Amino acid sequence: MVEETIKNAKEYHTKAQLLNALPKKMMYQTFLLILDYLEKSNKILIDKKDGRIVWIWDPKGVERFLKQDLVAR
């Protein structure tokens, strides 16, 4: 639910804005745990400066890199 909401909007300015945009309400601790998982799995980026949340996962791009045997540093 959180992943789909971020993916469809591409960017949210704050965590509160994203939490309010979700179709169902959830506990804030659960919400933070999901954001932490998405950030560690490199699907989202949370800007440390202004807290902006951006969807960055591109499976087709990753597949293209893997086919070319490129290594990301």
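Condition check ((1) part of a strand (DSSP E or B); (2) within 12 Å of the chain's Cα centre (by Cα); (3) surrounded by fewer than 12 Cβ atoms within 10 Å (Cβ to Cβ)) across all residues:
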| residue | (1), (2), (3) |
| --- | --- |
| Glu4 | no, yes, yes |
| Gln17 | no, no, no |
| Lys24 | no, no, yes |
| Thr30 | no, no, yes |
| Ile34 | no, yes, no |
| Glu39 | no, yes, no |
| Asp50 | no, no, yes |
Fill in the blank from the handout: Taking first residues from region 32-48 that are touching a residue at least 24 places away in the same chain (Cβ under 8 Å) and within 17 Å of Leu22 (Cα to Cα) and second residues anywhere that are of a type in the set (D, E, K, R) and surrounded by 12 or more Cβ atoms within 10 Å (Cβ to Cβ), the pairs with Cβ under 8 Å that are 6 or more apart or on different chains are Ile34/Glu3; Leu35/Lys15; Leu38/Glu3
Exercise for the section: Would you check which residues across region 26-52 are hydroxyl-bearing (Ser, Thr, Tyr) and either on the phi > 0 side of the Ramachandran plot or in contact with a helix residue (DSSP H, G or I) (Cβ under 8 Å, 6 or more places away or on another chain) (or both) and list them? Expected result: Tyr28
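Please go through region 6-15 and give me each residue that is in contact with a strand residue (DSSP E or B) (Cβ under 6 Å, 6 or more places away or on another chain), assigned to a helix (DSSP H, G or I) and over 21 Å from Gly61 (Cβ atoms), ordered by number.
none
Hey, could you check region 57-73 for residues that are in a loop (DSSP other than H, G, I, E, B) and surrounded by fewer than 14 Cβ atoms within 10 Å (Cβ to Cβ) and say which is modelled with the highest pLDDT?
Per the criteria, the residue is Asp58.
The values are calculated or read from the model by the stated rules, or taken from the named source; none is laboratory data. Given the structure is predicted, the values throughout are model-derived calculations rather than measurements. With ideal geometry, Cβ positions are generated from the backbone for all residues, glycine too; neighbour counts draw on all protein chains shown.
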